[in-house]
Structures are given as C-alpha cells and as structure tokens.
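These notes are about the structure you will find just below.
The values are calculated or read from the model by the stated rules, or taken from the named source; none is laboratory data. Bear in mind the structure is a predicted one, so any value in this text is a computation, not a measurement. Methodologically, a virtual Cβ is constructed for each residue, glycine included, from the backbone with ideal geometry; neighbour enumeration extends over all protein chains shown.
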Amino acid sequence: MFKSFVFLFAVLLLGEFRSEAQVTQRNILGNKYSIEAVKQALISQNQFKPYPKTPAEWNAAVPDSVIARTIRTGEGLLNYKFEPISATISLDFVRSGDRERHREISFTKRNALIDLVLAESMEDKGRFTEAILNGVWSMCEESFWGVPAHISGTGLPNVEDHIVDLFAAETASVLALTDYFVGDKLDKINKLIRKRIYHETNQRIFIPMLKNPDRYGWMSKKNAVNNWNPWIMSNWMTATLLLEKDEPRRAQSLYGAMLGLDLYLNGLGEDGGCDEGPSYWFAAGACVFDCLELLDGATQGKVNIYSEPLIQKMASYVYKTHIANDYFVNFADADPKLKPDGIMLYRFGKKINDAQLTQFGKWAVEKYPSAISNNGFHRMRKVQNLLTVKEIGGDKNTFEPVKDAWFGDIQVLTARAGNGIFMATHGGHNAESHNHNDVGDFLLYANGEPIIIDAGRGNYTARTFSSKRYELWFTQSQYHNLPIINGLGQLAGRSYEAKNVKPTVSDKEATLSMDIAPSYAKEAGIQTWNRTVKLNRVKNSVEINDDYVLTQKPTSLQQVFMTVNEVDTATPGKVLLKTPKGQSFTLQYDPKLWAISTDFPSTDGMEYVSFKTKWDNLPVQRIVLTHKTLPQKGKAGFVIVGN
C-alpha cells in the first residue's frame, strides 16, 4: 500500500497524469512583456482597488437583491463553527483512501469565510467581524492549506516543506480577499491578524513559488500541464496583487505567474481544445480568463492578450462541446452534467468580442440563474460575477448551438442532425490528462436526453490517481463504446493512440475515421482496426463501422454500448432503447453474427457511489454483443436510429 501512495505523490508533483500533448514554445506573455514593462505598468498595492469596499460602492455596482441575498447568507453563518482538521481526519486518505471528510471541513470553512466577508463589506455594521476573525485564525492555524491527497503518503503534512497545491493557493486567495475587504476592521480587533495572514501566505505560497516552482509537474517547461496550472496561477496572482506591499517583489511574483501561465498555453494545441473536458475547462480555460482579467485590471490594460487567436479558440471550446441543457461532452474524467457559470462566460465573451460566447453566457444565466453566484472555488471570479449582474439583463439571448466542431489537437468531433440528435466522438491517445482508455469512443444524445453514453468518472479516492487507476471499471475501454478483442481492452500510455484520424463534415454527414489498433496491447493480436463513426444527417442516425484484420483467428470478439435507457433485447437484431421522456431508439445489429447480453457495472465501493445519482438516478447499463463465428478478418456494422 505504501508504494502506491509514493506513486501517488510522484503523480501529483511530477504530473504523471497530465496530458502528454505536444508543447509549442509560444510563451505569449513572456515574449510580449518584460519584467520591466510589468513593473512600469503595475498599479501599486495601495492604489489597486479592483472591487467595491463600502456599502455605497456596492450599492452602485450590484442590484439590491444581490446585496440582500449576500447578507442573508452571511446571517446564516453568524454562528458557524470553524472546525479544526484533526490528525485522524487528515489520515483518512492513507488509511482508507477517503477524501470526503477532510474536503467537507476544509472547503466549507473557506466558502463560509468568503460569504461572511462579502456580507460584512456590503453591510458595514460589524456584525460579521467576530465570525470572520475566527475563520481567519482557524485557517492560519492549519498545518496545511491543501488536501492530504496532494502530499506524500504520510497523510500528515511536513510543516518544514510547504507544498503548493490547488487548495493551498485557493486559501491564499480567500485570505487575501478577506484582507482587502475587511482588513481595516481586523486591525481594530488586533494588529496581529493581518500580519498573520501575510506571514502564512508568504511562507506557504509566495516563498515556495518564487524559490522553487520547477519542483511541480504543473510548472513543467517540457510537458503539457493541466488545469492545476492556470487554477493556481489565478490564485497566486490574486494573493500577490492584494497582499504584497513590496512593489519589486510584487512585480516579480506577478511576472512569475505570467510565465507560469505561458506553460499552460504552450501545452494547448492550435485549436485550443481541452483534453480534460468541459467540466474541467471551468478550472482550466476559465482560470486563464481569471488570470488575464487580473493582469488587465492591475495594469490598466497595458498587459492584455485577449486578441490572441489561441485565447479566442480556447474560449470557444466550451460552447462547441455543449450538448443541450446541462449536458456537455464528457470524455475522460469530465462530468456529463454541469450548470455553467453564465456570467463568467458572458464576461469572457465580451472581453474577446466573441458574440456566440457572450450569448451562450446569457443563455446559461437565463437557464440556470442560481449558478451566477459561483459559490465554490475561484472566489475572485465570484466577486467579478456579482459586479456584472446588472449588465446582463435586457434582451433575451440569441444563442444558437454549434452545428459541427472539430478540434484537431485533441481529435474530438461534435455534430448535430435535424431531429435533435447530437453526436461526439474522438481519437486521441491514452495518456491525456484525467485519461480513460477510450480511443474511438462516441456519444449519442437526442433532444437533450442521453442515448449512448460515456459513463464518466466516479468519486475521487486514493486509487483514482494511483497505479491502480485502471482497475476501476469506468477508466477501462471495456466499459466504453468500443470493441473488446480476445478479451482485452485498450492500455494506458502515450503510444496507445489512434492512427490515420480523418474527419469528414458535410451537409449529409459528419464522420470520423481512424485506426484504433495501436491503442490495444500486442497480445490482442490486431493488425488494423479501422473504425468510422458517422452521423448520417439524411437518415438521422449514427452508424458505427469497423473493418479489421487480426493476426489470427480470435478466441473472442465483443462490441460494447453503454446506456442509461431502458433496454429491450427481445427482438433479434434490435436493441430497443427507451428514454425517461419516452423517446425510442433502436440499436441495429446482425443477429446471425452477434449474440447479445447486458449487465450493470458495480456501484459498490467508494469510487462508485456517485453512479447511483450521476445520471438522474438511472443505472448505467452495458450492452455486450459477442461474435458467434469469430473470423480473423471482417467487418462489423451497427446503426442507432430513432423510432
């Protein structure tokens, strides 16, 4: 067990599960701006006033309803107890693999503090200051601001070695915002409080990031980095801009974060695709926007790269992978459902002059108004959202879903047909960030309901990011819409990939063709496995065609389809799929060649609990077609069409 945790530590520090995409040394920010230019442009700390601080300023900036709601939220937290994190709870991760008890205490404390801070800033009556004081002190007393999953296998932090993870950076930002909004009031209670905020942030974030950022995989100059990079950079920038009074050091830290952000942008492909999926985009591409907004504001627009084509493409990814309602394309660990932060999308669209993104943001606000508070991570984003509520009103959105999109860098194709059908498929490789072994997988939705699905991920535990990751069924190709050959699925690693990937898009069809043979082990005995996934717009159907050659006659050959629909296999050659809203589809196959069976993947165990509710309480079901004659060379065709 200890070895698996040592492996996990290496994963997190060295970035084992990051994307291994091609790195392009664009260095957009570093090449465009020097440290001297940043020093000259940077507004001083005592003059930097990005947010309202008084009731008068808040009243001018946000609607009365927002102020009233924020104060009510704060009132509900007046008696909140900022619970300490015990050693026992910290050790949960190494003892059982559980992350939830620690997360619940840690994350709830930080959300409570920022809600109390905003309430006090808006009301300015001193009602919330004692609770804020206790929140600040509780966090400063913690030995580690992050989560045990992000440190070594000891389970307890080494206080002599400060590790910067996502949530240590988030905590620094929370405390910096606290200092900004109510620092003067904390001084009236005791002059040591704000000194403690700076001391702890300096020791835990500023010094480690200035002294040795290269120790972290998410600051790699050679390999593509994932959402950790812009997520941490945005919080490092926030804490630096609001807390650091030493102006040369403040500029140095800000510039360091700019160069750090370049590392994420360098790892993106030319089409700006996010291999982690849309739900992670809100912690990746959206965090890039958080960074760019901070840079723009702190330099009065003198540090600004909104017009860069890569930023434009990166931003458009999120609406191009939207399916319908709260469903998004969810390859790898991405979640199938999320309520998008519409105000942030609106703001991003306005900044880069992308009318479609702006309208998508307005659509999201109208559809999911409760999502505008963004009450979770990225707290600087939450404040900016509050300041934009007044602006969004007015005319109804005019968002039109994208008909087709192709991201050549991550080899993802999305397409729509006339009767509400949406298809997504991809090639890629099996070393993507948050990877599942799923080269050649596809999704099918109809009028906003899932027909054929990617099951998604389960709960994160110690096993999720350890050497045992691919023991989990939801990471295996055997539980994706793919063939199982000689009993074997795909393997993880950069060399396990699709070859000869080619999209074809026209008014009649949207097709992705690829050879997925290299994604399987040699033991599977595959020479070629040419797969085409086609959305036939004439017939409003999805067609899967496999043309394969094996090295010898196989011992078994199966095809898998995943669904959450009711399944009826009574009619040979037809699998009837019925959605909760009564839509009916048929998966057609040749009954002379294929026998059919179904099963329900396990929902027992920590990693699988979420599958009981992930798909609106519908169970994930696997349809397995098993070949009867087992030819060494052959073709396999399947059609999914509405009834």
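Summed over the range 552-581, residues that are more than 18 Å from GLN621 (Cβ to Cβ) and either free of Cβ contacts under 8 Å to residues at least 40 places away in the same chain or aliphatic (A, V, I, L, M) (or both) total 3.
Check the range 474-492 and report whether any residue there is more than 30 Å from ASP92 (Cβ to Cβ) and assigned to a helix (DSSP H, G or I). Yes, the range 474-492 contains a residue that is more than 30 Å from ASP92 (Cβ to Cβ) and assigned to a helix (DSSP H, G or I).
Within the set PHE422, PHE399, the sole residue that is among the aromatic types (Phe, Trp, Tyr) and not in a strand (DSSP E or B) turns out to be PHE399. If you go through the range 626-643 and keep only what is touching a strand residue (DSSP E or B) at 6+ places or on another chain (Cβ under 6 Å), over 13 Å from VAL542 (Cα atoms) and among the β-branched types (Val, Ile, Thr), you end up with just THR626.
Out of all the residues in the range 366-381, is one or more buried (at least 20 other Cβ atoms within 10 Å of the Cβ), among the basic types (Lys, Arg), more than 20 Å from the chain's Cα centre (by Cα) and over 30 Å from TYR608 (Cβ atoms)? No - not one qualifying residue is present in the range 366-381. Flag: ALA462 matches the condition of being aliphatic (A, V, I, L, M) and buried (at least 21 other Cβ atoms within 10 Å of the Cβ). For the range 615-628, the set of residues classified as buried (at least 17 other Cβ atoms within 10 Å of the Cβ) and either farther than 18 Å from LEU472 by Cα or not β-branched (Val, Ile, Thr) (or both) consists of TRP615, LEU618, GLN621, ARG622, ILE623, LEU625, HIS627, listed by residue number.
Specify the residue that is farthest from LYS390 (Cα to Cα); the eligible residues are those in the range 40-58 that are of a type outside the set (A, V, I, L, M, F, W, C) and surrounded by fewer than 16 Cβ atoms within 10 Å (Cβ to Cβ). So, considering only residues that are of a type outside the set (A, V, I, L, M, F, W, C) and surrounded by fewer than 16 Cβ atoms within 10 Å (Cβ to Cβ), the one farthest from LYS390 (Cα to Cα) is GLN40. Among the numbered conditions (1) crowded, with 17+ Cβ neighbours inside 10 Å; (2) modelled with pLDDT under 95; (3) basic (Lys, Arg), the only one that LYS339 does not meet is (1).
Restricting the search to the range 218-238, which residues are of a type in the set (A, V, I, L, M, F, W, C) and either under 13 Å from GLN22 (Cα atoms) or crowded, with 24+ Cβ neighbours inside 10 Å (or both)? Give the steps one after another, and end with the answer.
Pass one, the range 218-238, residues of a type in the set (A, V, I, L, M, F, W, C): 218-219, 224-225, 228, 231-233, 236-237.
Passing the criteria: TRP218, ALA224, VAL225, TRP228, TRP231, ILE232, MET233, TRP236, MET237.
Given the condition among the charged types (D, E, K, R) and surrounded by 20 or more Cβ atoms within 10 Å (Cβ to Cβ), answer yes or no: does some residue in the range 493-506 qualify? Yes. Listed by first and then second residue, the pairs linking a residue in the range 239-259 that is in contact (Cβ under 8 Å) with a residue 24 or more places away in the chain and among the aromatic types (Phe, Trp, Tyr) to a residue that is part of a helix (DSSP H, G or I) and surrounded by fewer than 22 Cβ atoms within 10 Å (Cβ to Cβ), with Cβ atoms under 7 Å apart and 6 or more places separating them unless they lie on different chains, are TYR255/ILE35; TYR255/VAL38.
Across the range 111-142, the number of residues qualifying as touching a residue at least 40 places away in the same chain (Cβ under 8 Å) and assigned to a loop (DSSP other than H, G, I, E, B) comes to 5.
Checking LEU292, LEU254, LEU242 one by one, the residue that is closer than 27 Å to GLY408 by Cα and outside any loop (DSSP other than H, G, I, E, B) is LEU292 and no other.
How many residues, within the range 1-44, are at pLDDT below 50 and assigned to a loop (DSSP other than H, G, I, E, B)? If you could, list the steps in order and put the result at the bottom.
Step one: filter the range 1-44 for residues at pLDDT below 50, giving 1-19.
Going one step further and asking which of them are assigned to a loop (DSSP other than H, G, I, E, B), we end up with 1, 15-19.
Of the residues in the range 1-44, 6 are at pLDDT below 50 and assigned to a loop (DSSP other than H, G, I, E, B).
Against the definition (modelled with pLDDT under 95 and either crowded, with 18+ Cβ neighbours inside 10 Å or within 19 Å of the chain's Cα centre (by Cα) (or both)), how does HIS426 come out, yes or no? Can you show your working first?
Numbers: modelled with pLDDT under 95: no; either crowded, with 18+ Cβ neighbours inside 10 Å or within 19 Å of the chain's Cα centre (by Cα) (or both): yes.
It is false that HIS426 is modelled with pLDDT under 95 and either crowded, with 18+ Cβ neighbours inside 10 Å or within 19 Å of the chain's Cα centre (by Cα) (or both).
Tally time: how many residues in the range 266-310 are under 16 Å from the mean Cα position of the chain (by Cα) and of a type in the set (A, V, I, L, M, F, W, C)? Of the residues in that region, 10 qualify.
If you go through the range 81-92 one residue at a time, do you hit one that is in a helix (DSSP H, G or I), more than 19 Å from GLN203 (Cβ to Cβ), among the aromatic types (Phe, Trp, Tyr) and more than 28 Å from the chain's Cα centre (by Cα)? No, because not a single residue in the range 81-92 is in a helix (DSSP H, G or I), more than 19 Å from GLN203 (Cβ to Cβ), among the aromatic types (Phe, Trp, Tyr) and more than 28 Å from the chain's Cα centre (by Cα).
Every listed requirement among (1) closer than 30 Å to SER466 by Cβ; (2) under 29 Å from the mean Cα position of the chain (by Cα) is met by LEU113 save one, (1).
Could you tell me which of the residues ILE151, ILE193, ILE189 is surrounded by 23 or more Cβ atoms within 10 Å (Cβ to Cβ) and in contact (Cβ under 8 Å) with a residue 24 or more places away in the chain?
Values: ILE193 fails: surrounded by 23 or more Cβ atoms within 10 Å (Cβ to Cβ); ILE189 fails: surrounded by 23 or more Cβ atoms within 10 Å (Cβ to Cβ).
None of the others qualify; the one that does is ILE151.
Taking the criterion of being among the hydroxyl-bearing types (Ser, Thr, Tyr) and part of a helix (DSSP H, G or I), the residues of the range 193-227 that qualify are TYR198, THR201. Looking across the range 589-614, the residues that are modelled with pLDDT of 95 or more and either surrounded by fewer than 16 Cβ atoms within 10 Å (Cβ to Cβ) or in contact with a Pro (Cβ under 7 Å, 6 or more places away or on another chain) (or both) come down to ASP590, PRO591, LYS592, ALA595, SER597, THR598, ASP599, PHE600. Just one of the listed residues (ALA332, ALA324, ALA315) is among the small types (Gly, Ala, Ser) and at pLDDT below 95, and it is ALA332. For the range 36-51, filtered to residues that are over 14 Å from LEU254 (Cβ atoms) and touching a residue at least 24 places away in the same chain (Cβ under 8 Å), the residue that is nearest to the chain's Cα centre (by Cα) is TYR51.
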